Amino acid sequence: MRILVLGGGAREHAIAWRLSRDEAGHRLRIAPGNGGTPAVAETVGDLDVLDPVAVARHASRERYDLVAIGPDAVVAAGVADALRQAGIPAFGPMRAAARLESSKAHAKEQMRRAGVPSAAASTFSDADAALAHLRALERPPVVKADWLAAGKGVVVAETHEQAADAVRSLLDGAAPGAALVLEERLEGREVSAFALVSDRVVVPLGAARDYKRLGDGDAGPNTGGMGAYAPVPWFGPREMEAATASVFEPIAWRMSRDGAPYRGVLYAGLMLTERGPMVLEFNARFGDPEAQVLMPLLDGDLAAAMLATTTGDRSAMDGALGLRGGAAAVGVVLASEGYPGDPLTGRALTGADPAGPDDAGPALCFHAGTRADGDGTATSGGRVVTFVGIGTDHTEARERAYAAIGQAELDGGQHRSDVGLEVAAG
């Protein structure tokens, strides 16, 4: 198959790497890619992936059999709409369906209508009204931007004062009419669950656990994600089946009834509370860094599963992919100094050879914020690379991930030291 992957992060590197290992063999291209993705795919460097018309024109000219969309911004831009209008199979939802991620307020309303369990919440576009509401709450709420914020638009406030500061800072300089969602803070374990969804057809895929805060022990600001592991021992097939029945199927049915059928991978961020699993958020794509630990564990033909999802071929979707047993993956993100606020770029990176088609582990390196710099590699963003260790259990996988990151050299680089520690044996 001729396949184009859209995006330039570690998630897209991981997806392209996994596609390159399909037995069928594919011709892969990636746009815009990064300093590591030439190891797995030919770079299309002059394509504006946020321009739906340009992407559709390029895809039609090159006659791709499949376009796999990675980032949220590309989904929200309506690229899948333009591709489908041009007759190109696009793995990723159309803009109306992608509002499950791009608008927190819309997602809350859809969950209410579908009967999907979620925290109580209120939406505000006026700062004074939001501040008055939170002052009346017994506990400080979670403050969420009602727009795409690269994983950094959520503030889990510890005090009412922190929540008030978040309201002011998020709305300050936001676009006219921008809104915030003030949501009840839930307690419990978090897990990221994934399913392939094609209109009303839902096929559960698997789950991962990610680490959103910058520092060890979940200290510091929220980020796009500092690490992850899979599988999740306390969220197995039975729990995934329950989440499919209570979350994925009802929301897929609701979107279909509303004339915005969902097609692609749907990610539900769940909090496992005393009241049962509750949805924190939906993402309209594979998570990052969750994709980096899921892709090495997938058995099956990824391209065939993606293509079947674009057409609603349930027989081809069922059983096409699954997480292989007896294996675990732990991923640790190496980030630039200053991340997530003001990351410093242009620094030399060594000891981070990018994963290619022949690489199967025990350690893999997926690039994100990197660029070629002469004969070497330099940083170009906040999250630089994700090192993934693969083993027979989480302990072995964790040891391999940290051994790999220990070989990398990046002036001012930062990473968490506790990723996967909670499930490591001994």
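The values are calculated or read from the model by the stated rules, or taken from the named source; none is laboratory data. Source: prediction; values computed, not measured. Cβ placement follows ideal geometry from the backbone for every residue including glycine, while neighbour counts extend to all protein chains displayed.
So how many residues does the stretch 378-409 have that are crowded, with 23+ Cβ neighbours inside 10 Å and under 20 Å from residue 33 (Cβ atoms)? Residues in the stretch 378-409 being crowded, with 23+ Cβ neighbours inside 10 Å and under 20 Å from residue 33 (Cβ atoms): 8 in total.
Within the stretch 21-57, the set of residues being out of contact with any Cys (no Cβ under 9 Å at 6 or more places or on another chain), in contact (Cβ under 8 Å) with a residue 40 or more places away in the chain and either crowded, with 22+ Cβ neighbours inside 10 Å or closer than 23 Å to residue 77 by Cα (or both) comprises 34, 35, 37, 40, 44, 49, 55. Summed over the stretch 283-342, the residues that are crowded, with 24+ Cβ neighbours inside 10 Å and free of Cβ contacts under 8 Å to residues at least 24 places away in the same chain give a count of 0. Evaluating residue 387 against the criteria (1) in contact with a His (Cβ under 9 Å, 6 or more places away or on another chain); (2) of a type outside the set (Gly, Ala, Ser); (3) without any contact (Cβ under 8 Å) to a residue 12 or more places away in the chain leaves one unmet condition, (3). Please determine whether any residue of the stretch 215-225 is assigned by TED's automatic domain parsing to the domain that holds residue 297, over 20 Å from the mean Cα position of the chain (by Cα) and in contact (Cβ under 8 Å) with a residue 40 or more places away in the chain. Looking through the stretch 215-225, at least one residue is assigned by TED's automatic domain parsing to the domain that holds residue 297, over 20 Å from the mean Cα position of the chain (by Cα) and in contact (Cβ under 8 Å) with a residue 40 or more places away in the chain. Restricting the stretch 169-200 to residues that are surrounded by 15 or more Cβ atoms within 10 Å (Cβ to Cβ) and in a helix (DSSP H, G or I) leaves a set whose member that is nearest to the chain's Cα centre (by Cα) is 170.
Can you tell me how many residues within the stretch 405-421 are under 23 Å from the mean Cα position of the chain (by Cα) and in contact (Cβ under 8 Å) with a residue 60 or more places away in the chain? Summing the residues that are under 23 Å from the mean Cα position of the chain (by Cα) and in contact (Cβ under 8 Å) with a residue 60 or more places away in the chain in the stretch 405-421 gives 9.
For the stretch 116-133, does any single residue satisfy the condition of being modelled with pLDDT of 95 or more and touching a Gly at 6+ places or on another chain (Cβ under 7 Å)? Yes, because at least one residue in the stretch 116-133 is modelled with pLDDT of 95 or more and touching a Gly at 6+ places or on another chain (Cβ under 7 Å).
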